1. By how many nm would the segment from Arg88 to Met172 grow when fully extended, if each residue of separation counts as 0.36 nm and the alpha-carbon distance is taken off?
2. Within the set of other residues whose C-beta is less than 11 Å from the C-beta of Thr65, count the net charge using Lys and Arg as +1 and Asp and Glu as -1.
3. With each run of n ≥ 4 DSSP H residues scored as -39500 (n - 2.57), what mean residue ellipticity at 222 nm is computed for the chain after dividing by its residue count and rounding to the nearest 500 deg cm²/dmol?
4. If you stretched the chain out fully between Ser264 and Ser236, how much longer would it get, using 0.36 nm times the residue separation minus the C-alpha to C-alpha distance?
5. Between region 201-275 and region 107-184, what's the alpha-carbon centroid distance in Å?
6. Compute the length gained on full extension between Tyr7 and Leu120: take 0.36 nm times their separation in residues and subtract their Cα-Cα distance, giving the result in nm to one decimal.
7. Is there a quick way to get the dipole size of the chain? I mean about its Cα centre, with the Cβ of Lys and Arg at +1 and of Asp and Glu at -1; what is the value in debye to the nearest 20?
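Readers should treat all values here as calculations from the given coordinates under stated rules, not as data from a laboratory. In this text the structure is predicted, and so the values were computed from the model without any measurement. Glycine gets a Cβ as well: all are built from the backbone with ideal geometry, and neighbour counts include every protein chain shown.
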Amino acid sequence: MHISEQYIRAFPEYEEVFAEDIERHRRHFLPICSINLKCLFPEKDQWVHFVSVKEIYEGTVGQMTSAFHTEWTQEDSIAFDVVDGKYRFAGDWNYFLIEQEEQVNAEYEQLKEAGDKQYLKLKKVKNQIDSLKTVYAENEQDYEARKQFYKQEQKVHPYSSDESMKSVQEVMESWQSYQEKGWGITYPEINGLLEDLDLRSEQMQKIFQEHGDSEEEYRTFESTNLLSVPHRPDGSVFPYIGALTGYYFQAYGSDWMYLFYDESLQTAVICLEYT
């Protein structure tokens, strides 16, 4: 499956993806790919975006911040308001643990100074935040190297990272190393970026034929490893847009990233899956 280049943007700039507070969004997110829904539905002139997060590492994104979860922003599920074709994070920024660094450090020092043993619990959170700061930096660094590689070679690096790559040269060396080890090359089916759009990819159609699954059944996403799937107020699942392989774009990425978008609610939801 191939879509016209006018309907897809690889590695879009932050200003093309986010509606406001660009630097706050830049701190946490990685823009992977934008598509115009005209490629699926000719009557719709609407841009939506596949966006990953820098917090991906061990465990799930948002697992330590349940107090700040919402209906659609939960563990490994991040919601955005869609404003004129751009995103605005639809949640409390404290959903990202690293946002609580200043408060945690202050409370930790106060409890430690007072001799309150509760500071030991905060020490674990403090250590987790320190680890995440390194993870954020490595994911961003690897993403930027892969982005530059794509601009230079017009193709993604179709392998996970052995470690965070810092430059185009390191990405190229990694690519060559995989080849020398006998690894094959399988690029994403759709424009070398996406694995699926609206279940129309050859891979998904083959799965339906081989296993006798129906598209209607699959659209419930009950057969996936997703922790949660966004539902409308009436209980139905958000319209599914597509999916990509997350670890092709950062040091620590998801196996699959799904994009859902409800036009009536003007809400997009990114869900992360690991196998």
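1. Details: separation 84, 0.36 × 84 = 30.24 nm, distance 3.42 nm.
My answer for the length gained is 26.8 nm.
2. The answer is -4.
3. One gets -10000 deg cm²/dmol as the mean residue ellipticity at 222 nm.
4. Numbers: separation 28, 0.36 × 28 = 10.08 nm, distance 1.30 nm.
Full extension of this stretch gives 8.8 nm more.
5. Here the two parts' Cα centres lie 25 Å apart.
6. 35.5 nm
7. Here the chain has a charge dipole of around 480 debye.
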